[in-house]
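Student: This is the structure I want to talk about, given as structure tokens.
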Amino acid sequence: MSTKAAGIPVIAIDGPSGSGKGTIARQVATALAFHLLDSGALYRLVALATNRREADPADEENIASIAASLDARFSTDEYGSEQVWLSAEEISAELRTEECGLLASRIAALPKVRSALLNLQKSFRQVPGLVADGRDMGTTVFPDANLKVFLTASAEERAKRRHKQLNDKGIDVSLAALSRDIEDRDRRDSERSVGPLKPAEDARLLDSSNLTIDEVTLTVLDWVQEIEWQ
Ligand code: DC
């Protein structure tokens, strides 16, 4: 496989929360032995750092400077689970809370925060290749990606998946409240002026509502086979 003229191959997987893109991106990256960028984790890290410093989430300059100086590190524990570090602290569990996701969605609407994270995201593009998961991977961060996938699922299905995930962790939340949160977050992510959640013009759309995770992964891997890597 040769690389695209612009550089190292990138597969962009974008979509709303709960579409399954995180799991799919991880499986595709593992199958291809590519690096993985979980860009949502970067926005969540900024949200967490904002909380820790008790900063005002509407103070764009300050949040952008927190983003620009983010001391983040990703690693894998001995069981293969992803670990995320903020400075010297392992914060993977906190990063995945609904509260952190909602704050991430708010600060992600600030244009200066998005541009502060741009180079950090691009720096994940390393040989032999990258699978990048997010909202604007195919439109803004890697517009020259070799394959762009836009993964969707109905809001109802996404709320059900999230409900099951939280229930499995022993966290009790109402399905109705989760549906409302998902719809609010979709609206905010889609309506913001910079890097909105929308498919790139050349993205392939994939609705995962009635598919298993493995079926979605195989579809993406089939598409990877069709690409002319030049
Ligand atoms: O994928 P996630 O749920 O971990 O993302 C958390 C929030 O970060 C999400 O509500 C929107 C924002 N985000 C973004 O604006 N752009 C990205 N590329 C990734 C995430």
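Student: Just to verify a result, which residue in the range 155-181, among those that are among the acidic types (Asp, Glu) and either more than 21 Å from residue 108 (Cα to Cα) or at pLDDT below 85 (or both), is nearest to the ligand (Cβ to nearest atom)?
Tutor: Among those residues, the one meeting the criterion is 157.
Student: Output the residues belonging to the range 181-210 that are over 16 Å from the mean Cα position of the chain (by Cα) and among the hydroxyl-bearing types (Ser, Thr, Tyr).
Tutor: 193, 208, 209
Student: Next question. Among the residues of the range 182-199, count how many are more than 8 Å from the ligand (Cβ to nearest atom), surrounded by 14 or more Cβ atoms within 10 Å (Cβ to Cβ) and modelled with pLDDT under 85.
Tutor: The total comes to 2.
Student: Within the range 108-146, track down each residue that is without any contact (Cβ under 8 Å) to a residue 24 or more places away in the chain and more than 11 Å from the ligand (Cβ to nearest atom).
Tutor: Correct list: 119, 122, 123.
Student: Tell me whether the range 14-35 contains one or more residues that are part of a strand (DSSP E or B), at pLDDT 95 or above and surrounded by 20 or more Cβ atoms within 10 Å (Cβ to Cβ).
Tutor: yes
For (1) over 27 Å from residue 11 (Cβ atoms); (2) among the acidic types (Asp, Glu), each residue gets a yes or a no:
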{"residue": "136", "(1), (2)": "no, yes"}
{"residue": "140", "(1), (2)": "no, no"}
{"residue": "143", "(1), (2)": "no, no"}
{"residue": "155", "(1), (2)": "no, no"}
{"residue": "167", "(1), (2)": "yes, no"}
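Student: Would you point out the residue of the range 83-107, among those that are farther than 27 Å from residue 180 by Cα and surrounded by 15 or more Cβ atoms within 10 Å (Cβ to Cβ), that is farthest from the ligand (Cβ to nearest atom)?
Tutor: Ranking the candidates gives 85 first.
Student: So is residue 67 assigned to a loop (DSSP other than H, G, I, E, B), closer than 24 Å to residue 16 by Cβ and at pLDDT 95 or above or not?
Tutor: no
Student: Could you list, in sequence order, all residues of the range 15-39 that are near the ligand (Cβ under 8 Å from one of its atoms) and touching an Asp or Glu at 6+ places or on another chain (Cβ under 7 Å)?
Tutor: Those that are near the ligand (Cβ under 8 Å from one of its atoms) and touching an Asp or Glu at 6+ places or on another chain (Cβ under 7 Å): 21, 22, 38, 39.
Student: Looking at (1) closer than 21 Å to residue 152 by Cβ; (2) surrounded by fewer than 20 Cβ atoms within 10 Å (Cβ to Cβ), which one does residue 111 not meet, given that it meets all the others?
Tutor: Result: residue 111 passes all but (1).
Student: Only one residue in 33, 72, 67 is among the aliphatic types (A, V, I, L, M), over 14 Å from the mean Cα position of the chain (by Cα) and at positive phi, so which one is that?
Tutor: 33
Student: When the range 90-107 is examined, which residues are found to be in a helix (DSSP H, G or I), over 18 Å from residue 196 (Cβ atoms) and in contact (Cβ under 8 Å) with a residue 12 or more places away in the chain?
Tutor: 94, 95, 98, 100, 103 - these are the residues of the range 90-107 that are in a helix (DSSP H, G or I), over 18 Å from residue 196 (Cβ atoms) and in contact (Cβ under 8 Å) with a residue 12 or more places away in the chain.
The values are calculated or read from the model by the stated rules, or taken from the named source; none is laboratory data. Nothing here was measured: the structure is a model prediction, and the numbers come from that model. All Cβ positions, glycine included, derive from the backbone under ideal geometry; neighbour counts span all protein chains shown.
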